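The values are calculated or read from the model by the stated rules, or taken from the named source; none is laboratory data. This is a predicted model, so every value here is computed, not measured. FYI the Cβ positions are ideal-geometry reconstructions off the backbone, even for glycines, and counts take in every protein chain you see. Surface areas here come from the heavy atoms of the whole protein model, side chains and all, with no ligands, DNA or RNA. Shrake-Rupley method; radii C 1.70, N 1.55, O 1.52, S 1.80 Å.
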Amino acid sequence: MASLSRALCVAATRPRWSPACSLGLRPLTSGAVPTTEKSVPYQRTLKQAQVAQGPTRPLPSTANVVVIGGGSLGCQTLYHLAKLGVSGAVLLERERLTSGTTWHTAGLLWQLRPSDVEVELLAHTRRVVSRDLEEETGLHTGWIQNGGLFIASNRQRLDEYKRLMSLGKAYGVESHVLSPAETKALYPLMNVDDLYGTLYVPQDGTMDPAGTCTTLARAATARGAQVIENCPVTGIRVRTDDFGVRRVAAVETEHGSIQTPCVVNCAGVWAGAVGRMAGVKVPLVAMHHAYVVTERIEGIQVSRCAHTLIPDLRRSGTAGRRGEGDVHGASPQRWGGWHLQGRVNERGGSYGAGDLRGGGFPTPAGF
């Protein structure tokens, strides 16, 4: 606990923030005027679908691998294929990179999960995002190592976090189980009256989803991969070989076809629709998810309040820093699935404010 004690001592030496100042509240006086400039670009964030202007580059006639979907998963897949030396890899995105569900994600990256495989995968992802990509491209992914807190509102959840801490020790992941008082000292904005404790992971952090995908695409194309935007996929052509096995033959788009023996389905929310193009059922369902982005909160950028939060999983919520404010997400248990209407390419790649009336934004969740 020596390192934890030092961390708490450092936090205690920083300037204290009153709750009103930390939340950016101002006295209601007659001289107060409304803010004319918003920190959060609502009109650009909650944007309506835009008409595609054709593919950003000519389609190749053949490819060794075609990745469908230009979100986080698609860009990660293309990057690792290129880094492994796979030539002729092509990513097809129907609109722009991250225009599906990636653009509104919180970008949280934590290191502790119940599975040892997941811990190793997260450790690899953290190295790629926090170090490798910037060394390879000179571009910053928006990585901020601001620490993470797992919140326990019952005894069983706290016991689970203690087991996670033990697993982290085996993989060299620093973590500490904190009491409510220690949590309050670390994160003064939190109400800890109903908490049993928290699990604090100092090296967790957040990334910028759009910046990360752009950097992944840059690193992949530098190794010979191709990224083609504004190119919706309309079908996947399959054939049956001499042994009766159905195999991919080509990917069809609105602007031509690409002969390929391999397709990677990274369409996220639309993965089921893309799978049906090849006669494959994808066990994936889109769940409603809502979030709120705050305006600027004075002092949060330099205070110890700027932490990633992974609240009690029973409450299905997350919170983290976004620019000069906060982003808070929630997946209420009573919300159902998000149903796609029509073809995979009929819905615009970005969601408007009207989607909130339907229960929030779609987030893919696998079984």
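Results, tabulated for the structure shown:
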| read-out | value |
| --- | --- |
| Check on residue 200, touching a strand residue (DSSP E or B) at 6+ places or on another chain (Cβ under 7 Å), of a type outside the set (Val, Ile, Thr) and more than 30 Å from residue 70 (Cα to Cα) | yes |
| Condition broken by residue 218, with the remaining ones in (1) open to solvent by 40 Å² or more (accessible area, probe 1.4 Å); (2) out of contact with any Ser or Thr (no Cβ under 8 Å at 6 or more places or on another chain); (3) within 30 Å of residue 96 (Cβ to Cβ) satisfied | (2) |
| Which listed residue, of 27, 60, 34, 15, is outside any helix (DSSP H, G or I), open to solvent by 20 Å² or more (accessible area, probe 1.4 Å) and either touching a strand residue (DSSP E or B) at 6+ places or on another chain (Cβ under 7 Å) or modelled with pLDDT of 85 or more (or both) | 60 |
| Single unsatisfied condition, residue 152 versus (1) touching a Phe, Trp or Tyr at 6+ places or on another chain (Cβ under 6 Å); (2) within 12 Å of residue 207 (Cα to Cα) | (2) |
| Single residue of 86, 117 found to be over 18 Å from residue 204 (Cβ atoms) and open to solvent by 70 Å² or more (accessible area, probe 1.4 Å) | 117 |
| Matching residues in the range 135-147 - criterion: being part of a helix (DSSP H, G or I) and either buried (at least 16 other Cβ atoms within 10 Å of the Cβ) or under 16 Å from the mean Cα position of the chain (by Cα) (or both) | 136, 137 |
